[in-house]
Amino acid sequence: MKTKKVKAAGRFNARYGRSVRLKITEIESIQRKKQNCIFCNKVAKRVSKGIWYCKGCNKKFASHTYYLPKKEEVNLNNPKNNK
Ligand SMILES: [Zn+2]
């Protein structure tokens, strides 16, 4: 049930502690929005933890566990990524 304090995480009742429930509302609110493919910006689906599939470019790729980062955040030319 939805609660005032922890919103959708109210379904856990008094379990797991306040901070954990607050964190899950934060993640789930992003997760529920449509996630866009980091290659073609079309809607991608989460297959499993960190595994995503995009119908647009027919790619299966690994990314963030619960949601996809915005395209601006993924800098493929970042020297940090080319170790
Ligand atoms: Zn794509």
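Read-outs throughout are calculated quantities, based only on the coordinates presented, and are distinct from any laboratory measurement. Since this is a predicted model, take the numbers as computed values, not measurements. With ideal geometry, Cβ positions are generated from the backbone for all residues, glycine too; neighbour counts draw on all protein chains shown.
Once backbone amide H atoms are built at 1.01 Å from N, K59 has C54 as its partners under 5 Å, excluding neighbours fewer than 5 places away on the same chain. Database remark: amide H of A44 closer than 5 angstrom to the amide H of Q35, N36, C37 (H placed geometrically; neighbours at sequence offset of 5 or more, or on other chains; Pro and chain starts carry no H).
Take the Cβ atoms of C57 and K34, set R0 to 25 Å, and the FRET efficiency comes out at 0.95.
Taking the alpha carbon gyration tensor of the chain, multiplying each eigenvalue by 5 and rooting it gives semi-axes of 31, 15, 11 Å, largest first.
Using θ = phi - 60° in the Karplus curve 6.51 cos²θ - 1.76 cosθ + 1.60, the 3J(HN,Hα) couplings for the stretch 9-20 round to 6, x, 5, 8, 6, 8, 7, 6, x, 5, 5, 5 Hz; x is entered for Gly and Pro. Cross-link reach is defined here as a Cα-Cα straight distance under 25 Å, omitting same-chain residues fewer than 8 places apart; for K55 the lysines meeting it are K33, K34, K42, K45, K70, K71. The value of relative contact order for the chain, using C-alpha pairs under 8 Å at least six residues apart, is 18 percent. Relative protection proxy for 37-46, 62-71, 9-18, from highest mean packing down: 37-46, 62-71, 9-18 (other beta-carbon atoms within 10 angstrom).
Across the stretch 23-35, computed HN-Hα scalar couplings (Karplus, 6.51 cos²θ - 1.76 cosθ + 1.60, θ = phi - 60°) run 5, 5, 5, 4, 5, 5, 5, 6, 4, 6, 6, 5, 9 Hz from first to last residue, x flagging Gly and Pro.
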